[in-house]
Structure formats: structure tokens, C-alpha cells
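As C-alpha cells, the structure follows; a few thoughts come after it.
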There are 2 protein chains.
Amino acid sequence: MAVAKAKVTAAIDPSVITNKLEEDIALGRILPRERLIEEELALRFGVNRHVIRQVLMELETIGLIARQKNKGATVRDLLPEDVTNIYAVRELLEGKAAELIELPPKPEVVARLKDIQERHAKAAEAGELTNVFRLNLLFHKTFFAACGNPHLADAIQHFALKAHIARSLTVGDPKLLKRAVEEHAQIVHYLETADRANLVRLAVEHIIPSKDAYLESYRRRFGM
Amino acid sequence: MAVAKAKVTAAIDPSVITNKLEEDIALGRILPRERLIEEELALRFGVNRHVIRQVLMELETIGLIARQKNKGATVRDLLPEDVTNIYAVRELLEGKAAELIELPPKPEVVARLKDIQERHAKAAEAGELTNVFRLNLLFHKTFFAACGNPHLADAIQHFALKAHIARSLTVGDPKLLKRAVEEHAQIVHYLETADRANLVRLAVEHIIPSKDAYLESYRRRFGM
DNA sequence: ATCGACGTCATTGTTGACAATATTCCAATG
DNA sequence: CATTGGAATATTGTCAACAATGACGTCGAT
């Protein structure tokens with residue numbers, strides 16, 4: 001009995017499913033107001049429905065989906081004012097983190113960011129949206145983790161996830177993508193040159209285009 | 001022995017249990033590193049173990065407890081640096097909210113805050129810790145909800161809950177309590193007189209004493 | 001044709017049983 | 001006496017069956 005049974009089917013961690021669904025929502029593969037059926041998802045990921053329920057609860061607290069008792073879960077539909085409010089908090093938090101980050105940063109932090117940045121740029125060039133999404137996420141996570149306040153970094157991560165719904169509609173835009181890639185390179189540059197003022201400015205400005213793109217897209221669809 | 005199923009019309013909502021456990025942690029009835037056994041809690045609240053699991057997951061995302069796979073849940077033990085970091089975020093968020101709040105505020109907001117403040121003061125005088133806890137929570141929630149940014153208000157609420165672990169050790173201190181009551185009255189006053197500068201200042205300063213009390217208490221217990 | 005009552009189906013919520021994993025305790029060993 | 005091995009126990013994790021609820025279409029009456 002010492003030997004564990006060989007697991008034929010790889011044990012799927014709930015957080016893996018959560019991440020996958022976040023990705024689906026962020027990339028617009030599941031759209032706002034679209035319904036998430038527990039059994040469908042259970043089948044798709046090859047797990048029990050309870051695991052899916054747990055995942056859905058997580059997504060709810062993150063703010064990506066809304067659940068109603070006995071009625072199920074749907075992707076949240078963010079109104080322009082929601083997006084404005086979320087981004088107001090993001091600017092506040094991310095600006096603060098940029099103020100706190102150690103300058104000059106530890107060499108390994110810069111090294112990691114450079115590596116991520118390059119892979120992100122390549123993925124963008126190749127049009128691999130999934131990788132672009134993941135590497136962008138990783139870049140920001142790595143950057144803000146360096147601020148020295150894990151609780152602040154968590155909050156930033158949390159609000160970045162909330163904003164993903166808003167980004168789903170404009171995620172494919174090559175212009176936005178190109179600009180994001182360039183700004184990542186600039187952020188690394190400001191880190192290396194210990195240029196606090198520009199770092200803080202860019203950290204805040206960096207997220208604005210995606211907000212504007214969403215508001216613009218919303219206006220276009222529903223009129224002003 | 002006797003019966004235990006007194007609740008024919010029960011239907012206990014999970015959030016009620018969550019709130020009760022938050023209270024227990026905040027008031028120090030359950031201490032850091034103490035274990036939370038699912039079946040015990042299920043028995044205590046007269047619900048199925050699954051409900052408790054759900055509650056524990058919520059408490060985990062709030063940050064009040066830590067869970068390890070197959071090992072169960074314990075109340076989180078906040079190190080001084082955690083408390084410092086959490087309060088840094090609180091000051092940032094609550095300061096911002098105070099800047100955003102509409103001045104002069106709507107009359108009904110002031111009326112509600114006054115009512116809560118008076119009941120809070122009475123509870124403090126009577127030494128009813130449970131009511132003090134609840135009314136203090138309600139006061140802050142009502143105040144920050146008035147900032148006009150629900151996402152910001154949520155984040156504030158979230159971090160206030162995280163901080164509750166830290167407050168559990170000093171919650172009984174009459175000096176702190178007296179000061180909190182007075183400052184609530186002052187906050188209402190600054191609202192009525194539309195005194196933005198003082199309002200922002202006090203909103204930030206108001207939470208500092210409980211942070212300092214925790215750090216002090218920690219030093220005393222483990223030496224400096 | 002419109003509306004509402006009603007029955008059926010789809011979906012979520014709840015429960016108890018069982019499996020997997022950690023913890024505790026005790027005895028055997030060096 | 002400390003340590004290790006391994007049952008016995010305690011606790012959490014997973015599952016499948018069942019109950020409750022809401023969504024939807026059908027049918028009859030006006």
C-alpha cells in the first residue's frame with residue numbers, strides 16, 4: 001500500500017481551470033452575459049461538477065462572473081462606469097507600487113523582466129494571442145511583486161483580473177499591442193536607469209489605452 | 001443529548017456563518033494558528049459540512065485563514081511586516097476615498113452615519129464588544145460607500161477585514177475604543193462642514209492607532 | 001391571436017457515503 | 001532513552017445520487 005496508484009488521468013488542479021477560464025474571458029472566447037453551465041465545464045475539463053462549482057465561486061469573488069441562486073453563472077457585463085471605477089483604483093494602486101519599488105532594482109529582477117518582455121514581443125509579432133495574454137500577465141506580476149508589499153501586489157493582481165473583461169473586446173488590436181510591447185521595454189529601461197519619475201508616470205499611463213479602447217468600443221456599440 | 005434539530009424554518013445562509021466567524025476572529029475568540037475543523041463547525045452551526053467548506057474558502061480568499069490541502073484551515077498569523085503592509089494599502093485606499101467623497105454629502109448619508117455613530121458610542125460605553133464590532137464595521141462601510149466608486153469601497157472593505165486579525169489582540173482596549181468613538185463623531189462633523197482637508201487627514205489617521213497597538217503588542221510578546 | 005395555467009425539461013443546490021491523506025500513538029529496536 | 005515503523009484515528013477531498021428550483025413550451029379559454 002506504500003505505492004500510490006498510478007494516476008492514469010493527470011490530476012487537474014482547480015486553479016488551472018480557473019486560469020483557463022480567466023483566459024477564455026479575457027480573450028473574448030466567452031463573452032459578457034454568456035452563460036457558464038456547470039456540467040458542460042465539468043465535461044470539458046474532465047472533472048467533477050463540484051470542482052467546477054468551486055472554480056465558479058472563485059471567479060465570482062474575483063468579479064469576472066455573476067451568479068444567481070438556482071439560476072447559474074454568467075460573464076459579468078461591465079458598464080462604462082464600472083470600467084472607469086476599476087481603472088481609477090488600478091491607477092492608484094499601480095502608481096503607488098511604482099513609487100515603492102526599489103531603485104536600482106535587484107539585477108535578477110531586471111533579468112527576469114527582460115526575458116519576459118522579449119518573449120512577449122515575439123508572441124505579439126507572431127500573433128499568438130494566448131501567449132501574449134499569459135506573458136503580459138506575467139510581466140506585470142513580476143514587476144509589481146518587486147514593490148516589496150505583497151498585499152499591495154495582490155490587490156493589483158486582483159484588479160487587473162477584474163479589468164480583463166473590459167479588455168476582451170479590444171484584445172486583438174495590433175496598435176494597442178504594439179504600444180504595450182514598446183512600453184514594457186521602456187519600463188525596463190527606466191528601471192535600469194533608476195528613473196523614478198518616468199517609471200511612475202509610465203506605470204500609470206500604461207494601462208490607460210486599454211481603458212479608452214473599451215469606452216470607445218462601448219460608445220460605438222450603444223451610441224453616446 | 002436531546003434534540004438538535006430545532007430549526008424547522010432554519011435555512012442558514014452561508015454568509016451569516018462567514019460573518020460570525022469573521023467576528024470570532026476579530027474579537028480574538030479564535031486566535032492565530034488555531035485550527036478550524038470542518039465537522040466541528042458544521043455541528044456548531046447546524047449545517048452540512050459542505051456549507052462550512054464553502055465558508056472556509058471565502059475566508060481564505062479574504063485572507064483571514066490559510067488552508068493547506070489535506071491539512072485543513074488555520075487562522076492566519078500576521079507578522080508585523082504583514083500588518084505594516086496591509087495598513088499601507090488601507091491608508092492609500094481610504095485616503096483616496098476621502099478625497100472622492102461628495103461634499104457636502106447627501107443629507108441621508110449624514111443622518112445614517114449619525115445614527116450608527118450614536119449606537120456605536122452607546123455600545124462602547126456599555127462594553128458590548130460584539131455590537132461595537134458590528135457598528136464600527138457598519139460605520140466605515142457606510143462612510144466609504146459614499147465615495148461613489150463601489151469597486152474602491154469593496155477594496156477598502158476587503159482590506160479592513162484582513163486587518164481584523166491584527167485587531168483581535170487589542171480590541172478590548174478602552175483607550176482605543178474611546179478615541180475611535182470620538183473620531184467617528186469628528187468625521188461626521190467634517191462631513192457636515194464640508195471640510196475636505198481635515199476629513200482626508202482624519203480618515204487616514206483614524207486607523208493608525210490600532211496598527212500601532214498591534215505592533216506594540218507583538219513587540220511585547222516576542223521582544224524587539 | 002393573447003394570455004395564463006400547467007406539465008416537462010434543464011440546471012443548480014444539498015446530502016451522505018466513500019477515498020485519500022495527514023496525524024497520533026505505541027511498541028519494538030538500537 | 002531516543003528513534004523509527006507502522007497501525008489506528010482524525011480530518012479533508014471527491015464522488016454520485018437525489019431534491020429543489022427556474023426556464024420553456026403546450027394547450028385551452030376567452
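The values are calculated or read from the model by the stated rules, or taken from the named source; none is laboratory data. Model, not experiment: these values are computed from the prediction. Here the Cβ is made from the backbone with ideal geometry for all residues, glycine too, and neighbour counts use every protein chain on show. The protein model used for the area step is the full one, side chains on, heavy atoms only, and it has no ligands, DNA or RNA in it. Shrake-Rupley method; radii C 1.70, N 1.55, O 1.52, S 1.80 Å.
List the residues, sorted by chain then number, that are 5 or more residues from residue A:65 or on another chain and whose placed amide H is less than 5 Å from its amide H.
It is A:60, A:76, by chain and number.
Taking the Cα centre as origin and putting +1 on Lys and Arg beta-carbons and -1 on Asp and Glu beta-carbons, what dipole magnitude results for the range B:14-75, to the nearest 20 debye? Walk me through the intermediate numbers first.
Numbers: 10 positive and 9 negative charges, 47 e Å.
Around 220 debye, computed over the range B:14-75.
Sort A:74, A:193 by heavy-atom solvent-accessible area, probe 1.4 angstrom, most to least.
Values: A:74 45, A:193 75 Å².
The residues order as A:193, A:74, largest area first.
Using the Karplus equation 6.51 cos²θ - 1.76 cosθ + 1.60 (θ = phi - 60°), what ³J(HN,Hα) coupling, rounded to whole Hz, does each residue of the range B:170-179 give in order, writing x for Gly and Pro?
10, 5, x, 4, x, 5, 4, 4, 4, 5
Given +1 on the Cβ of Lys and Arg, -1 on the Cβ of Asp and Glu, and no further charges, what dipole in debye does chain B carry about its Cα centre, rounded to the nearest 20?
On the way: 33 positive and 31 negative charges, 144 e Å.
In debye, rounded to 20, chain B gives about 700.
Report the B-A buried area as the accessible area lost on both sides summed, probe 1.4 Å, in Å² to the nearest 100. Display every interim value, and only then the final one.
On the way: alone 12760 and 12890 Å², together 24010 Å².
By this definition, chains B and A bury close to 1600 Å².
Take peptide A:83-91, look around each residue's Cβ out to 10 angstrom, count Cβ atoms belonging to other protein chains, and average those counts. Walk me through the intermediate numbers first.
Working: counts 1, 2, 8, 5, 1, 6, 10, 1, 1.
Mean number of neighbouring Cβ atoms from other chains: 4.
Where the accessible area of chain B is counted over protein heavy atoms with a 1.4 Å probe, how much of it, in %, is carbon and sulfur? Can you show the working numbers first?
Numbers: 6400 of 11940 Å².
Summing carbon and sulfur atoms, their accessible area is 54 percent of the total for chain B.
Kirkwood hydrodynamic radius of the protein assembly as shown from all distinct Cα pairs, in Å?
Details: mean 1/r = 0.0412 Å⁻¹.
In the protein assembly as shown this quantity evaluates to 24.3 Å.
How much area per residue is accessible in the range B:14-75 when the probe is 1.4 Å and only protein heavy atoms are counted (Å²)? List each step's numbers first, then the result.
On the way: 3360 Å² over 62 residues.
With the other protein chains kept in place, the range B:14-75 gives 54 Å² per residue.
Report, to one decimal in Å, the Kirkwood hydrodynamic radius for the range A:130-170 based on all distinct Cα pairs. Let's see the in-between values first.
Details: mean 1/r = 0.0928 Å⁻¹.
By the Kirkwood definition, the hydrodynamic radius is 10.8 Å.
Round to the nearest 10 and give me the degree value, 0 to 90, for the angle of helix B:107-126's Cα axis relative to the longest principal axis of chain B.
Approximately 60 degrees, to the nearest ten.
Order the peptides B:160-171, A:46-57 from the highest to the lowest mean number of other Cβ atoms within 10 Å of their residues.
On the way: B:160-171: 21.5, A:46-57: 17.7.
Per-residue mean Cβ counts within 10 Å order the peptides as B:160-171, A:46-57.
Report the rotationally averaged projected area of the range B:144-224 based on its alpha-carbon convex hull, in square nanometres. Intermediate results must be reported in sequence, preceding the final value.
On the way: hull surface 24.9 nm².
Taking a quarter of the hull surface, the average projection is 6.2 nm².
Give me the Å³ per residue figure for the convex hull around the C-alpha atoms of the range B:1-125.
Working: hull volume 24.1 nm³, N = 125.
Enclosed volume per residue, from the Cα hull, is 193 Å³.
What dipole magnitude, in Debye to the nearest 20, does the protein assembly as shown give about its Cα centre under +1 on Lys/Arg Cβ and -1 on Asp/Glu Cβ? Working shown, then result.
Values: 66 positive and 62 negative charges, 249 e Å.
Value, rounded to 20: 1200 debye.
Could you provide, to the nearest whole Å², the per residue accessible area of the range B:80-222 with probe 1.4 Å? Spell out each step's value before the answer.
Working: 6710 Å² over 143 residues.
Roughly 47 Å² per residue, with all protein chains present.
For residue A:34, what residues show an amide H to amide H distance below 5 Å, using hydrogens built from the backbone and excluding near sequence neighbours?
Those lying under 5 Å, H to H, from residue A:34 are A:75.
Roughly how large, in nm² to one decimal, is the mean projection of the convex hull of the alpha-carbon atoms in the range A:14-75? Intermediate results must be reported in sequence, preceding the final value.
Working: hull surface 14.8 nm².
For the range A:14-75, averaging the hull's shadow over all directions gives 3.7 nm².
Could you work out how far helix B:49-62 tilts from the main Cα principal axis of chain B, as a 0 to 90 degree angle to the nearest 10?
30
Using a Gaussian network model on chain B with a 10 Å cutoff between Cα atoms, which of B:96, B:69, B:114 fluctuates the most?
B:69
Can you give the mean number of other chain Cβ atoms that lie within 10 Å of the Cβ atoms in peptide A:148-156?
Values: counts 3, 7, 4, 13, 6, 2, 5, 7, 1.
Whole-number average of other-chain Cβ neighbours for A:148-156 is 5.
How tilted is helix B:80-100 with respect to the longest principal axis of chain B? Cα atoms for both, answer in degrees (0 to 90, nearest 10).
The angle comes out near 50 degrees.
Placing +1 on the Cβ of each Lys and Arg and -1 on the Cβ of each Asp and Glu in the range B:14-75, which of B:50, B:25, B:68 has its Cα farthest towards the positive end of the resulting dipole?
Among B:50, B:25, B:68, the one farthest towards the positive end of the dipole of the range B:14-75 is B:68.
For the range A:80-222, what does the convex hull of the Cα positions come to per residue, in cubic angstrom? Let's see the in-between values first.
On the way: hull volume 13.4 nm³, N = 143.
Dividing the Cα hull volume of the range A:80-222 by its residues yields 94 Å³.
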